[in-house]
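Heads up: the structure comes next, in structure tokens.
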Amino acid sequence: MQSVCHCCDWIRHHYGHLSAEYLSLLDQMGGDITKQNAPVLFPTSLYRHIDDAEFEDKVRFLKETIYQITKLFDGNMKSVTWDKKNLDDFLNILERQLENLNSCVSPAMKPERRLKHYFKKLNRKVLRKMNYSTQAWELIRKETKRHLQRLDILAAQMY
């Protein structure tokens, strides 16, 4: 595990750059973001709660949210019509962000249970229930964008 100081420097100088890259790729890989709402409410209260947390808890939350997003994108993507190169680049940069955050978080720290539950519900009620359809993946892309934008705000408030 890296020192808190090193993690702080990394978040300050690199997190935002990688975040801007994957947010841009998320927009470029498909058409317009759907206006349809997901059947799972966005966990606004979790984000409000983490805003007041300690630095280490915020880093853990960043890591856990990105990890949960990468798990979502590990599903059956046969129906996806997105640009393949942009999708691959998006996932690779997200993975790089996750690796860097992983090095900042003690493996002994437990993930946020409510966050994990939210993503399981999103997987179940959107991807599985909608049979991994193009429409389901567009809802996942929309929710992913919301989370990544919110994480960007969280990271910016950390320094």
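In the chain, a dipole from Cβ-located charges (positive for Lys and Arg, negative for Asp and Glu) runs towards its positive end, and of 115, 98, 154 it is 115 whose Cα lies farthest in that direction.
Residue by residue, segment 75-86 carries 3J(HN,Hα) couplings of x, 5, 10, 4, 7, 5, 10, 6, 4, 4, 5, 5 Hz when phi is fed to the Karplus relation 6.51 cos²θ - 1.76 cosθ + 1.60 (θ = phi - 60°); x denotes Gly or Pro. Sparse packing (at most 13 other Cβ atoms within 10 Å of the Cβ) combined with a DSSP loop state is found for the following trypsin sites (Lys or Arg not before Pro) in segment 116-159: 129. Determine the alpha carbon to alpha carbon distance for each of 85/116; 35/129; 84/125; 58/145; 71/142 and list only those over 22 Å. Listed pairs above 22 Å: 85/116; 84/125.
Note down the magnitude of the dipole of the chain about its Cα centre, charges +1 on Lys and Arg C-beta and -1 on Asp and Glu C-beta and zero elsewhere, to the nearest 20 debye.
Details: 26 positive and 20 negative charges, 190 e Å.
It comes to approximately 920 debye.
Listed values for segment 14-30 are Karplus-derived 3J(HN,Hα) couplings in whole Hz (6.51 cos²θ - 1.76 cosθ + 1.60, θ = phi - 60°), namely 10, 4, x, 5, 5, 4, 4, 5, 6, 5, 5, 5, 4, 5, 6, 6, x, and x replaces Gly and Pro. Express the relative contact order of segment 1-133 as a whole percentage, based on alpha carbon pairs under 8 Å and six or more residues apart in sequence. It comes to 44 percent, rounded to a whole number. Here the Gaussian network model covers the chain, with springs between Cα atoms less than 10 Å apart; of 97, 28, 36, 36 fluctuates the most. Three principal axis extents describe the C-alpha atoms of the chain; from largest down they are 43, 30, 25 Å.
For the chain, the mean residue ellipticity at 222 nm estimated from helices alone is -20000 deg cm²/dmol, where every DSSP H run of n ≥ 4 contributes -39500 (n - 2.57) and the total is divided by all residues, rounded to the nearest 500.
Computed 3J(HN,Hα) for segment 122-131, one whole-Hz value per residue from the Karplus formula 6.51 cos²θ - 1.76 cosθ + 1.60 where θ = phi - 60°, is 4, 4, 5, 7, 10, 5, 5, 5, 9, 6, glycine and proline marked x.
A short reminder: the numbers here are calculations on the coordinates, not readings from a lab. Keep in mind that this is a model prediction, so the values were computed, not measured. Neighbour counts run over all protein chains shown; Cβ positions are idealised from the backbone, glycine included.
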